[in-house]
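Step one of this worksheet: look at the structure below.
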Amino acid sequence: MPHDEHDGQAAVPALSPDALFHTGLVVDDLDLAMKTFGALAGYHFTTVMELEVTARLADGRLQHASQRFALTVEEPRLELVEAIPGTVWVSDGSNGAHHLGYWADSDRIGAMSAELVAQGFAVEASNDHEADGILMWVYHRGLGGLRIELLNKLMKPSMDAWIAGADPAEVAQEAPGS
């Protein structure tokens, strides 16, 4: 557990992994996003919540808006919030989740990537020029800038070792395509 440098006592983190409720994503079209995530990843959603909300801004002003959002039934939970221009609920490239990472079987990653493209998620970047042409990861971008990363399961043992505490430099050397 981390220690507070000032008094030598163990610092209690403000957040904990087991308290994570959802990853919130601002999307341009809530209905399309729900349909897309349902088709791509098998998510099921709550009914759409529609609320009149009032937010207090940092400068003290109140901002009123009509909000629409939904949550996935499955965990880890996603919250999709429809963009509201001129409010905090916008996706301007400086906020929100950078990407969602999904494991993909080595023999399926190409087909999965093609399906993402067919669903409107263009390839943004990949490493298909490395690892002797084996696709180890690929970023797709769609739904107003949301990224989906496919990770080849060939990397899973090295990632699991890293998560378990192995030295990142050693993990990188042992990873496929290194």
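Just so it is clear, none of the values below were taken in a lab; they were calculated from the coordinates. As the structure is a prediction and not an experimental result, all values here were calculated from the model. Note that each Cβ is placed from the backbone with ideal geometry, even for glycine, and that neighbours are counted across all protein chains shown.
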Local net charge near PHE21, Cβ-Cβ under 12 Å (Lys/Arg +1, Asp/Glu -1):
-2
Note the full-extension length gain between ALA125 and ALA164 as 0.36 nm times their separation in residues minus their Cα-Cα distance, in nm to one decimal.
11.3 nm
How high is the FRET efficiency between ILE134 and THR23 when r is their beta carbon distance and R₀ equals 35 Å, given to the nearest 0.05?
0.75
For a quick check: with amide H placed at 1.01 Å from N, whose amide H comes under 5 Å from LEU78's, ignoring anything fewer than 5 positions away on the same chain?
THR23, THR72
Computed lengthening from ARG68 to ALA83, 0.36 nm per intervening residue step minus Cα-Cα distance
4.5 nm
Please report the net charge: other residues with Cβ closer than 13 Å to the Cβ of ASP105, K and R +1, D and E -1.
+2
Two pseudo-spin positions, 7 Å from Cα along C-beta at ALA55 and at LYS156, lie apart in nanometres by 3.8 nm
Please work out, to two decimal places, the log10 of the ratio I(q)/I(0) at q = 0.14, 0.22 Å⁻¹ from a Debye calculation in which every Cα of segment 26-68 carries one identical scatterer.
-0.48, -0.78
Out of the trypsin sites (Lys or Arg not before Pro) in segment 35-121, which ones are loop residues according to DSSP with at most 15 other C-beta atoms within 10 Å?
ARG61, ARG108
